[in-house]
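First up is the structure itself, then whatever we jot down about it.
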Number of protein chains: 4
Amino acid sequence: MTEEDDVVSPLHLTAEDRPDQPPVTAGLKDLYRDFEKALMVPLWTRIGDLMPGQPRSKAQPHLWEWKALIDLAARSGDLVPVGRGGERRAIALANPSLGGRPYATPTLWAAIQYLMPGEDAPEHRHTQNAFRFVVEGEGVWTVVEGDPVPMRRGDFLPQPGMNWHAHHNSASEPMAWIDGLDIPFQYDIEAQFFDFGRDELTEEEHATPDRSRSERLWGHPGLLPVSQLGHKEGTPLLCYRWADTDAALTDQLELEREGRPGTVGPGHALVRYTNPTTAGDVLPTIRAQFHRLVPGAETAPRRETGSSVYQVFDGSGRVTVGDFSWPVRRGDLFVVPSWQPLSIRSEASPSDSESGSLDLFQFSDAPLFSKLNLFRTHIEENA
Amino acid sequence: MTEEDDVVSPLHLTAEDRPDQPPVTAGLKDLYRDFEKALMVPLWTRIGDLMPGQPRSKAQPHLWEWKALIDLAARSGDLVPVGRGGERRAIALANPSLGGRPYATPTLWAAIQYLMPGEDAPEHRHTQNAFRFVVEGEGVWTVVEGDPVPMRRGDFLPQPGMNWHAHHNSASEPMAWIDGLDIPFQYDIEAQFFDFGRDELTEEEHATPDRSRSERLWGHPGLLPVSQLGHKEGTPLLCYRWADTDAALTDQLELEREGRPGTVGPGHALVRYTNPTTAGDVLPTIRAQFHRLVPGAETAPRRETGSSVYQVFDGSGRVTVGDFSWPVRRGDLFVVPSWQPLSIRSEASPSDSESGSLDLFQFSDAPLFSKLNLFRTHIEENA
Amino acid sequence: MTEEDDVVSPLHLTAEDRPDQPPVTAGLKDLYRDFEKALMVPLWTRIGDLMPGQPRSKAQPHLWEWKALIDLAARSGDLVPVGRGGERRAIALANPSLGGRPYATPTLWAAIQYLMPGEDAPEHRHTQNAFRFVVEGEGVWTVVEGDPVPMRRGDFLPQPGMNWHAHHNSASEPMAWIDGLDIPFQYDIEAQFFDFGRDELTEEEHATPDRSRSERLWGHPGLLPVSQLGHKEGTPLLCYRWADTDAALTDQLELEREGRPGTVGPGHALVRYTNPTTAGDVLPTIRAQFHRLVPGAETAPRRETGSSVYQVFDGSGRVTVGDFSWPVRRGDLFVVPSWQPLSIRSEASPSDSESGSLDLFQFSDAPLFSKLNLFRTHIEENA
Amino acid sequence: MTEEDDVVSPLHLTAEDRPDQPPVTAGLKDLYRDFEKALMVPLWTRIGDLMPGQPRSKAQPHLWEWKALIDLAARSGDLVPVGRGGERRAIALANPSLGGRPYATPTLWAAIQYLMPGEDAPEHRHTQNAFRFVVEGEGVWTVVEGDPVPMRRGDFLPQPGMNWHAHHNSASEPMAWIDGLDIPFQYDIEAQFFDFGRDELTEEEHATPDRSRSERLWGHPGLLPVSQLGHKEGTPLLCYRWADTDAALTDQLELEREGRPGTVGPGHALVRYTNPTTAGDVLPTIRAQFHRLVPGAETAPRRETGSSVYQVFDGSGRVTVGDFSWPVRRGDLFVVPSWQPLSIRSEASPSDSESGSLDLFQFSDAPLFSKLNLFRTHIEENA
């Protein structure tokens, strides 16, 4: 159902359009006019759009090149101040099939955020669940519930709904990163609350510690702090460091080389970020994962209900989503709509990869599907 | 954010419109043009719409009178056949603020369905969760996974996603009822699968038992059939009979008269339909409840995240939702959008009520909010 | 490991006893003596007892005839007052293999309780989970948290831990029933707390309503009272009426006759009592179920981890547990120890059954096993 | 109820013993004799023992000095072979109040296990949940489901029920460690199954890797391997390394020094070992935790339902449990019975601590209490 289709009256349907429709008699026309007056719409004229045999994505596959994004973000740094009202110097990816809305997919927001040296982004909180992922640079601390959390290349920083947060750039260089949120989803279901916080960070919040308090409490594998076990407000672990993610991926690939289980497919390591207090997805509405493909690996086309956004973290390769296919390299972002088949191939001889492989960060709306008994996947065998 | 607003370029914003926006210089105009080319949208021009202080409902409160609905449905009965392709003679309520879409609220579908004597609605299944509620009449059996379930006034019949189902009218009169589904929600998140079933029901499925097999297995209070405890596919109890609902409401009000806990407010009984295998909401995405207000009772204005549709089952009174207020009587359907305050007042001396009270059936999208840590309510105290 | 075996020193083991033991040299004897002094016990001398290949039940199968129990209980009614200190006129079944302890099985207490006309049993509460089941008679109300609950033939009345409770006999006849508790289990793990309540019931608590407040709130199938959904202290439904249990069993057997799923085996209906707020077992440590076998039905021998106590409610037949076998009739109680095979055969032409079948009430410690990943069953195919 | 008390007949009770008992008439004596014949025991003569006001521990507080344990274990190394039948060279702590049974507490087994250079302990599996904790030494690998896991000072190694396991000592020195299991609990409830495995380890299983495969898959904080998420058989993380535990404790104490939450009491850090797939206790029946007290710290007396065993890992101090009090040092093991108050004081100037503090490993049966709604704690304020 496109936006235009939404306002097509059943009066304009003809037998050619819809062979399964009743013959358009004068009586039927009257009935359809009376339906419109009564604010009623018959199912039989719309069922194919509303209830298709399988998901038809409103969004389309699309790729944004990192170079373009970072250049435009940098220009914003010069022209657009950060402060109360606008709140953040963030620029969203607008899927070309979603009518100009700032939505990467029907449920997910993805943006590049940019903070100049010495700048603060003011404190606020909202029901929208968020995270940050850093593809390059460092120098910014996100301050969550008063706890300054450093952000560096490869770090994943979840931000559960209704946590107070601000950011400060304490370095001499600008810094960019990506934000992911469930803004479109919460806009659709109308769940949003938003509160402005204090306009200024305290001296203590301007600190630049190497590790957050959150990590010191919650960042030890399998070990939980007994004093904090009553914690209930979303994940308490506010940073997943790159060194840990890198080690987990490396271990999976080594296990595969030893002939042991570990990878999800040949040459394909995959870890999921989880909330240490539940072992479930890191945010109530967002799944976040990290993929590594060894040189020359290729994944079988795989469909999944729900939509994803990927960012290439390292290396290069080729990505195919439904009818689209693009070469990709560091920083590029692309969208995989619901039920569109995705396959990824890594460069056989990457010259641009620290890990020697193709590394991708992924986030999706999979928890919606899992929690509501709607999750499905399908791998195409003979692709 | 209206549909129109969706396509407003930040280029057209002026300082008057948005005092918190940066001054519109030539450089900024260039930047905004380049954003558009790059399929990017700045947050700072849109944050107020996307992340409001509290939910702003896209839907509006609206009332459909039952008499109009049933008359139009009856006309459809004469003009529109039921069969494969159109699948059902169902006509949806289209909220006047949702652009002609057949949506009662942003997440919920509500329709009147109509079946003529001797008609069958063909078998299909879909991921959309559904239910039927009967405000008047009888004579139709809904056949779920081969089990014929009779439908009569006051009965609530859940239909979990991917259950095969058909209907047959075995009476000499037409019958109407309402259908509720999560069609808009599944359309938004793109979760839908749909399969056509057999075109004809068997003789066995055309049976007209007084009770379904489902009720015989699962309809005994607190008593579960050990042989079926592995059941996992949505609620196995396919009918909640009116006699039980009526008794539960009567009991709550009698307890209140004895000075005991039971009601949710003075003269206000409320029961929730639940899945006997989980004790949770009867469908993964839909909450269903039944209210009874004694004559002259009035509820305090109450806000809730998420949207509801109500149908008056019996009695009469007045309903106020935000800025809207209507008298209501048997069969009328009305919409309560997210976070709009609702209050209900029952007629002091109802002449038209079997129970002597105002009885209302309600369904909502509350499970989405509960499962995703987004549920909130607020009761206005001094209203 | 019998009680005697507990105190056998490894010094007394000989090579004949234990061919897998080390040769008993002077050095070994010294070592074993020094172990004893140091309060140490070697695993290798005890592993066979402590860690057997499969459970070896300390309890033995045993049958108590109802006639003997009721006669002795009646004599107690004349000789033993009910009051504070002794608390209840309850006489426990003492398994002949458990050293005179008042334990039916290693984890379960089963007793006959007896209350004379006009008597009250004083109020108390305890962490032990309890229930009452009525095989015959009526006239007693159990008063739980101030709510008088009538007790009649066939009713099952759970009593979650730490609910205040008392009983009163308001009839002109004595009444007997069985109590089941987890006294031995809580004694073993040392979880017990006990508080005395008020010595006298109020006039209101002496009431004799036909239904408890609990049933009026929680006894409607699939319908929960929204005002009470925060309830967390064990099951809120304090009575499962015989009429409902009987109907559920009848329905399962009718479904079987129609060729539909429903029974657990040929001619064998089985329902489980569950907590309506969780859909799980009715008590945290006790599972309660009700069986009905049509005339001439016989169950395949079945083993289950954990122990059960059964009471024949109606009809007659023969029960085999391991090496024991008894004819059974109304009121008889028998014990099935852990992992002992049980089979039940109903009389082909029962003259003494209201339902025409063999009806049995069962309770067990299965929730311990289910919650701790220890539950196993095995059905012997060629028995 | 002591063991002796178990066999006291109510016939021997006198009015002096039990003022709340009925007068001992000839009729009552007859009744009590007939109870005995009928295998029945009246509650009123036993209620005080069976249902005390609060838990009365059958076990007593006791301390075993490490030096004595290790010396006796070493003597066993010379005299007792390890092999099929005896299975393990493990010597259990026998609580002095538990009648010579090899039980540290009513539910928990604690033993020292000892393996000579070059020895293998043969493969088996059992329903009993187990773990190993290493207070000193290294050189042994425990081989779990074919995965060799190194054991070194400070490591905690859980062993979920029904995992195949064996051990091999590949070093030139003997090694000792402690084993904890739920043997007494499973003996009481009769849940035990035990299977012998292969008599010989393969060459691959004799490997001596620095890290287990388990740790490589599951040992990364908050990061789960997507390929293994279906894992259901107890915790898949088979080793919690000392370096992580030490860092977590150090972090908590540093946070306390900064005025931040983290410790459970002044100078008292506490971490819990958890299953990364559930965030719950590391084993279904056993909780494991690690405490660190800074020099001079003292905990308030604290009661908890259920029993614990502690081992001093480092440093020295004084421990008080109920009426018992002992100085403690590295390796000492002590028992805290149910509901007995425990307080721990660390040496003000420890000369013998690597961390500068008093470090203690603890395991308990708390999951039983938590899962069955029986867990309680109480801290004495004015102690």
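Starting from a Cα-only point model with no solvent, please compute log10 I(q)/I(0) by Debye for the protein assembly as shown at q = 0.05, 0.06, 0.09 1/Å.
One equal scatterer on each Cα of the protein assembly as shown leads to -0.47, -0.68, -1.45.
If you take each beta carbon of peptide A:46-58 and count the beta carbons of other chains within 10 angstrom, what is the mean?
Whole-number average of other-chain Cβ neighbours for A:46-58 is 6.
When we measure straight from the Cα of residue C:371, which lysines land under 30 angstrom away, once same-chain ones fewer than 8 places off are left out?
Qualifying lysines at Cα under 30 Å: A:232, A:371, B:232, B:371, C:58, C:232, D:58, D:232, D:371.
With label points built 7 Å along Cα→Cβ from the Cα atoms of residue A:138 and residue B:37, find their separation and express it in nm.
Each label point is offset 7 Å from its Cα along the Cβ direction, giving 3.6 nm.
For residue B:143, what residues show an amide H to amide H distance below 5 Å, using hydrogens built from the backbone and excluding near sequence neighbours?
Those qualifying (amide H under 5 Å, at least 5 residues apart or on another chain) are B:149, B:166, B:167, B:168.
Check residue C:62: other-chain or 5+ apart residues with amide H under 5 Å from its amide H, H built from backbone geometry?
HN-HN under 5 Å from residue C:62: C:335.
Would you mind listing the distances between the residue D:30 label point and the same position in each other copy? Use 7 Å along Cα-to-C-beta, nm, one decimal, shortest first.
List, nearest first: 6.6, 9.7, 11.5 nm.
How large is the Kirkwood hydrodynamic radius of chain A, in angstrom, based on all distinct alpha carbon pairs?
By the Kirkwood definition, the hydrodynamic radius is 22.7 Å.
Would you kindly work out, in nm and rounded to one decimal, the distances from the label point of residue C:146 to those of the same position in each other copy, ordered shortest first, with label points 7 Å along Cα-to-Cβ?
4.1, 5.2, 6.3
Taking the label point as lying 7 angstrom from Cα along the Cα-to-Cβ axis, what are the distances from residue A:79 to the corresponding position in the remaining copies, in ascending order and in nanometres?
Inter-copy label distances (nm, one decimal, shortest first): 5.4, 8.9, 10.1.
I'd like the orientation of helix B:26-37 relative to chain B: the angle between its Cα long axis and the longest Cα principal axis, in ° from 0 to 90, rounded to 10.
For B:26-37 against chain B, the angle is about 40 degrees.
Calculate the length of the line joining the C-alpha centroid of segment B:182-245 to that of segment D:322-354, in whole Å.
60 Å
Using amide H atoms built in the peptide plane, which far-off residues or other-chain residues are under 5 Å from residue D:376 H to H?
The list, which skips near neighbours in sequence, is D:305.
Taking the Cα centre of the protein assembly as shown as the origin, how large is its charge dipole in debye, to the nearest 20, when only Lys and Arg (+1) and Asp and Glu (-1) carry charge on their Cβ atoms?
About 0 debye.
Which ³J(HN,Hα) values, rounded to whole Hz and listed in residue order, are derived for segment A:322-339 from phi using the Karplus coefficients 6.51, -1.76 and 1.60 in 6.51 cos²θ - 1.76 cosθ + 1.60 with θ = phi - 60°, glycine and proline given as x?
Result, rounded to whole Hz: x, 8, 9, 8, 9, x, 10, 8, 3, x, 4, 10, 9, 10, 10, x, 4, 6.
Viscosity 1.002 mPa s, temperature 20 °C: what is the translational diffusion coefficient of segment B:62-228 from Stokes-Einstein with a Kirkwood Rh over Cα pairs, rounded to a whole number of µm²/s?
128 µm²/s
What FRET efficiency, computed as 1/(1 + (r/R0)^6) with R0 = 41 Å and r the Cβ-Cβ distance, is obtained for residue B:231 and residue A:229, rounded to the nearest 0.05?
It comes out at approximately 0.75.
Only sites in a loop by DSSP and with at most 15 other Cβ atoms within 10 Å count here; which trypsin sites (Lys or Arg not before Pro) in segment B:112-203 make the cut?
Answer by residue number: B:153, B:198.
Apply 1/(1 + (r/R0)^6) to the Cβ-Cβ distance of residue A:20 and residue B:343, taking R0 = 45 Å, and write down the FRET efficiency to the nearest 0.05.
After rounding to 0.05, the efficiency reads 0.50.
Other chains' Cβ within 10 Å of B:306-319 residues: what's the mean?
0
Count, for each residue of B:118-130, the Cβ atoms from other chains sitting within 10 Å of its Cβ, then give me the mean as a whole number.
Whole-number average of other-chain Cβ neighbours for B:118-130 is 2.
Tell me, what is the FRET efficiency for residue C:325 and residue C:352 to the nearest 0.05, using R0 = 35 angstrom and their Cβ-Cβ distance as r?
With a Förster radius of 35 Å, E is 0.95.
As a test of understanding, state the convex hull volume per residue of segment C:175-272 from its alpha carbons, in Å³.
Each residue corresponds to 217 Å³ of Cα convex hull volume.
Between the alpha-carbon centers of segment D:68-105 and segment C:35-108, tell me the distance in whole angstrom.
What the calculation gives is 30 Å, centre to centre.
Any chance you could run the full-extension gain for residue A:74 through residue A:210? It's 0.36 nm times the residue separation minus the Cα-Cα distance, nm to one decimal.
Full extension of this stretch gives 46.3 nm more.
With θ set to phi - 60°, apply the Karplus curve 6.51 cos²θ - 1.76 cosθ + 1.60 along segment D:93-101 and write out the HN-Hα couplings as whole Hz, x wherever there is a Gly or Pro.
7, 10, 4, x, 9, 10, x, x, 5
Say a paramagnetic label sat at a point 7 Å from the Cα of residue B:164, along Cα to Cβ; which residues of segment B:198-237 have their backbone N under 14 Å from it?
Of the residues in segment B:198-237, B:198-206 have backbone N under 14 Å from the label point off residue B:164.
Calculate the spin-label point distance for residue A:242 paired with residue B:172, positioning each point 7 Å from the Cα along the beta-carbon direction, and give it in nanometres.
Each label point lies 7 Å from its Cα, and together they span 8.1 nm.
From a point 7 Å beyond the Cα of residue C:258 in the direction of its Cβ, which residues of segment B:230-249 have a backbone N at a distance under 17 Å?
Correct set: B:236-241.
Of the GluC sites (Glu not before Pro) in segment D:154-242, which ones lie in a loop per DSSP and count no more than 12 other C-beta atoms within 10 Å?
In loop regions of segment D:154-242 (DSSP not H, G, I, E or B), the sparsely surrounded GluC sites (Glu not before Pro) are D:200, D:203, D:204, D:233.
Loop only by DSSP, 12 or fewer other Cβ within 10 Å of the Cβ. Give me the trypsin sites (Lys or Arg not before Pro) in segment A:218-271 that pass, ordered by residue number.
Here the sparse-neighbourhood loop sites are A:232.
Throughout, read-outs are computed from the coordinates displayed, never taken from laboratory work. Since the model is a prediction, treat every value here as computed from it, not as a measurement. We place every Cβ from the backbone using ideal geometry, glycine too, and count neighbours over all the protein chains shown.
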